[in-house]
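Novice: The structure follows.
The values are calculated or read from the model by the stated rules, or taken from the named source; none is laboratory data. All of these numbers come straight from a predicted model, not from anything done at the bench. Neighbour counts are summed over all protein chains in view; Cβ atoms, including those assigned to glycine, are modelled from backbone coordinates with ideal geometry. Calculation scope for accessible area: heavy atoms of the full protein, side chains included, ligands and nucleic acids excluded. Shrake-Rupley method; radii C 1.70, N 1.55, O 1.52, S 1.80 Å.
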Amino acid sequence: MPEQVSLEDIEATARGLGIDLSVVDLNAINLPPGEDFGIKSDDEEDLYHEESLELESGFGNVIVVDNLPIVSSEKFEKLEGVIRKIYSQIGVIRDGGLWMPLNPDSQKTLGYCFIEYNTAQEAELAKEKTNGYKLDKSHVFSVNLFDEFDKFMRIPDEWTPAEIKPYVAGENLQLWLTDEKGRDQFVIRAGTFTEVFWNDPRQMIPELVYRRQYWTESFVQWSPPVHTFATIHRQGAAVWGGATTFNRLMRFAHAQVKLIDFSPGEKYLITYSRHEPSGPRDTDNGLTLLYLNFCLEGCSEYFDVRTGKLMRDFKGNADEFALGHSGVTGVPWPVFRWGGGREDRFFARLGKNMISVYETETFTLIDKKSLKVDNVVDFTWSPTDPIIAVFVPELNSGNNPAKVSLVQIPSKEELRQKNLFSVSDIKMYWQNNGEYLAVKVDRYTKTKKSTTSGFELFRIKERDIPIEVLELENKNDKIVAFAWEPKGHRFAVIHGDNPRPDISFYSMRTAQNTGRVSKLTTIKSKQANALYWSPAGGFFSLQG
């Protein structure tokens, strides 16, 4: 407690010091900043309350959502409910924190609203997740932080031309195709070094193209058309390309990446990470999808390869992505399967009793909902058209037959369905032009002690999609392998139960039968368990 001093004591002390208090201007006396000598003013008592007060600074926790539908007062509550449902999934909206102003004359909404969250972090996340959200065909959200309007107000009234930078030619990512010897490239990792070589089978000696130490911390991966080359690091992934220098084209931040996958057209890159979050703002935990343009416990993200922009992320625990055959990380990989050919228009993943199909224009679900398919266990895309083949197994001891259905995307119209009975398992093979689909069906015999195999052949391009049944001459033969001829109408089947099976060749059309499958020939007793056609067809190799 400070010592209490009377006025008489002060006057006596002043006289002792030779100070005349009557000529002292007390208003001119100021204490040093922040110093009160232990004496608190009565009128400042509230400022010294023991509980610390959380004071708001600015409007960082407020967002402005523009381009909303303009509706009358009759539809106000419905629109407000839709907006609240969307944005309450991202964070906690304060009481009275959603305000959608009205035109005082028409009593219609003005096409925008203000949303106040508890924290600035929630507001930032809401902007990131919903800016560009497509409510319907006519309304795409434009979302900004309220604090950003200060920046907009500082934009000068007079236009100034943008700085034009001189054109700098980029890397020719296809230069390797011009190699005069027609060679291919391959990569080897040994110790801390990663090396790219020319493969020259005539010389039997690889030629070094590029060598770099500590190029990757985990693994490396070529893109599908082999235009680019990806390396993996603790901070994320990097993509490289070029003729002989392999310059870095783009980096993609995603902590502790475990797996990556390129889309068929090389427009998109998907990364997968699984790690414990380091804090409440650590959003790298999950499956990530990236949109590339050149050339959750797991989390997946999509980036633009040319700009590195994150297009969409998917978060959740590993169990949510564990449907299908699990890979080394405990999730099926790739989680997303691409459709629509090399245009990369659609991607989809398998869920419980559903298939979630997304389109890459907005990276949202088609029609904002998944395709409901009870008990679905597998699906596969046509390599050229937006068509998916869906397999549902047999249920209730055969009372509900197995089904293979063809579904058109984005309309979700069922084009064709085939019921199958006594099914043990199936496997689907698309011809690479999308003209045919072969479904290998393993069926139980009457005793349920063994199975037989045959094929259901779909002619996708023909009217009403006719289906043919193909059975081997020996129904008990085990089907070892199946392969379509690229860009053709022929296919090969390796079949038999002994170490030297037979290889039979068939055609979906011949000069005599343009609409029926025909057997061409059989090669007897070859030691083989795999067959590969040449890229242009006409030739094949056996391995085994």
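Novice: Here's a check for you: in region 456-499, which residue that is part of a loop (DSSP other than H, G, I, E, B) and under 17 Å from Leu406 (Cα atoms) is nearest to the chain's Cα centre (by Cα)?
Specialist: Filtering region 456-499 for residues that are part of a loop (DSSP other than H, G, I, E, B) and under 17 Å from Leu406 (Cα atoms), the one nearest to the chain's Cα centre (by Cα) comes out as Ile460.
Novice: Let me ask another. Mind listing whichever residues of region 416-450 are outside any loop (DSSP other than H, G, I, E, B) and either open to solvent by 60 Å² or more (accessible area, probe 1.4 Å) or in contact with a helix residue (DSSP H, G or I) (Cβ under 7 Å, 6 or more places away or on another chain) (or both)?
Specialist: Arg416, Gln417, Asn419, Asp425, Lys427, Arg443, Tyr444
Novice: Taking region 247-280 on its own, how many of its residues are modelled with pLDDT of 80 or more, surrounded by fewer than 21 Cβ atoms within 10 Å (Cβ to Cβ) and not in a strand (DSSP E or B)?
Specialist: Result for region 247-280: 3.
Novice: Please go through region 192-231 and give me each residue that is open to solvent by less than 50 Å² (accessible area, probe 1.4 Å) and over 24 Å from Ile260 (Cα atoms), ordered by number.
Specialist: Across region 192-231, the qualifying residues are Trp198, Asp200, Val209.
Novice: Would you pick out the residues in region 232-241 that are more than 9 Å from Thr216 (Cβ to Cβ) and open to solvent by 10 Å² or more (accessible area, probe 1.4 Å)?
Specialist: Residues satisfying the conditions are Arg234, Gln235, Trp240.
Novice: Could I ask something else about it? Looking only at residues that are buried (at least 17 other Cβ atoms within 10 Å of the Cβ) and in a loop (DSSP other than H, G, I, E, B) in region 80-132, which one is farthest from the chain's Cα centre (by Cα)?
Specialist: Met100
Novice: Which residue, of Pro499, Pro486, is of a type outside the set (A, V, I, L, M) and open to solvent by less than 90 Å² (accessible area, probe 1.4 Å)?
Specialist: Of Pro499, Pro486, the one residue that is of a type outside the set (A, V, I, L, M) and open to solvent by less than 90 Å² (accessible area, probe 1.4 Å) is Pro486.
Novice: Taking Leu520 as the residue in question, decide whether it is surrounded by 14 or more Cβ atoms within 10 Å (Cβ to Cβ), of a type outside the set (Lys, Arg) and part of a strand (DSSP E or B).
Specialist: no
Novice: Something else now. Looking at region 177-186, which of its residues are of a type outside the set (S, T, N, Q) and within 15 Å of Pro224 (Cβ to Cβ)?
Specialist: Result: Leu177, Asp184.
Novice: If you don't mind, there's one more thing I want to ask. Looking at (1) aromatic (Phe, Trp, Tyr); (2) open to solvent by 30 Å² or more (accessible area, probe 1.4 Å); (3) at pLDDT below 80, which is the one condition that is false for Tyr302?
Specialist: (2)
Novice: Among Ser453, Ser541, which is part of a strand (DSSP E or B), modelled with pLDDT of 90 or more, hydroxyl-bearing (Ser, Thr, Tyr) and under 27 Å from Phe421 (Cβ atoms)?
Specialist: Ser453
Novice: A further question follows. May I ask you to list the residues in region 222-240 that are outside any loop (DSSP other than H, G, I, E, B) and on the phi < 0 side of the Ramachandran plot?
Specialist: Passing the criteria: Trp222, Phe229, Ala230, Thr231, Ile232, His233, Ala237, Ala238, Val239, Trp240.
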